[in-house]
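Chemist: Mind looking over this structure? Questions follow.
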Amino acid sequence: MTTLRAERDIAASAGVVWTLLKDFQHIDAFNPNLSRSFHLGDAPLEGLGAERRCELKDGRNWIEERVIDWRPGESYTVEIYAGTMPIRDVRTTLAVSPHGAVSRAV
């Protein structure tokens with residue numbers, strides 16, 4: 001399995017960053033590759049089982065994701081379960097930690 005990792009320092013507290021991340025259905029607010037994202041079906045808005053659809057800026061492609069792990073104030077992991085792109089078995093973890101803290105591998 002291939003693992004990619006990207007880290008960013010953000011001039012805000014971990015709590016402020018988590019407030020943005022936990023708004024699961026609105027990842028388009030900070031992901032420049034998306035034209036829009038929105039909540040799907042009867043799934044919860046956040047937390048384990050939340051689902052969203054992300055439409056890419058190319059105007060043709062989209063993915064649907066669901067939360068498979070949720071650690072309040074710390075991280076969540078999503079899996080892509082549907083979409084137009086030729087990808088499979090993709091999981092992504094978004095996590096926050098105080099500046100200078102060593103983040104754990106997920």
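Chemist: Is segment 18-30 home to any residue that is touching an Asp or Glu at 6+ places or on another chain (Cβ under 7 Å), part of a loop (DSSP other than H, G, I, E, B) and crowded, with 17+ Cβ neighbours inside 10 Å?
Modeler: Yes.
Chemist: Any residue at all in segment 79-87 that is in contact with a Pro (Cβ under 8 Å, 6 or more places away or on another chain) and open to solvent by less than 40 Å² (accessible area, probe 1.4 Å)?
Modeler: no
For (1) under 19 Å from V96 (Cβ atoms); (2) at pLDDT 95 or above; (3) of a type in the set (K, R), each residue gets a yes or a no:
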residue	(1), (2), (3)
A11	yes, no, no
W18	yes, no, no
L21	yes, no, no
S35	no, yes, no
L40	no, yes, no
G49	no, yes, no
D58	no, yes, no
T77	yes, yes, no
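Chemist: Among the listed residues G59, G15, G73, G41, identify the single one that is small (G, A, S), open to solvent by 30 Å² or more (accessible area, probe 1.4 Å) and in a helix (DSSP H, G or I). Walk me through it before giving the result.
Modeler: Numbers: G59 fails: in a helix (DSSP H, G or I); G73 fails: in a helix (DSSP H, G or I); G41 fails: in a helix (DSSP H, G or I).
From the options G59, G15, G73, G41, the qualifying one is G15.
Chemist: Further, regarding this structure: For segment 19-27, state whether one or more residues are among the β-branched types (V, I, T), in contact (Cβ under 8 Å) with a residue 24 or more places away in the chain and either more than 14 Å from T92 (Cβ to Cβ) or in contact with a Gly (Cβ under 8 Å, 6 or more places away or on another chain) (or both). Working first, answer last.
Modeler: Of segment 19-27, the ones among the β-branched types (V, I, T) are 19, 27.
Still in the list and also in contact (Cβ under 8 Å) with a residue 24 or more places away in the chain: 27.
Pick out the ones that are also either more than 14 Å from T92 (Cβ to Cβ) or in contact with a Gly (Cβ under 8 Å, 6 or more places away or on another chain) (or both) and you get none.
Within segment 19-27, not a single residue is among the β-branched types (V, I, T), in contact (Cβ under 8 Å) with a residue 24 or more places away in the chain and either more than 14 Å from T92 (Cβ to Cβ) or in contact with a Gly (Cβ under 8 Å, 6 or more places away or on another chain) (or both).
The values are calculated or read from the model by the stated rules, or taken from the named source; none is laboratory data. Remember, predicted model here, so these are calculated numbers, not experimental data. Because the Cβ atoms are built from the backbone with ideal geometry, glycine has one as well, and the counts that use them run over all protein chains shown. Each accessible area value is taken on the protein alone, full model and side chains, heavy atoms only, with ligands, DNA and RNA left out. Shrake-Rupley method; radii C 1.70, N 1.55, O 1.52, S 1.80 Å.
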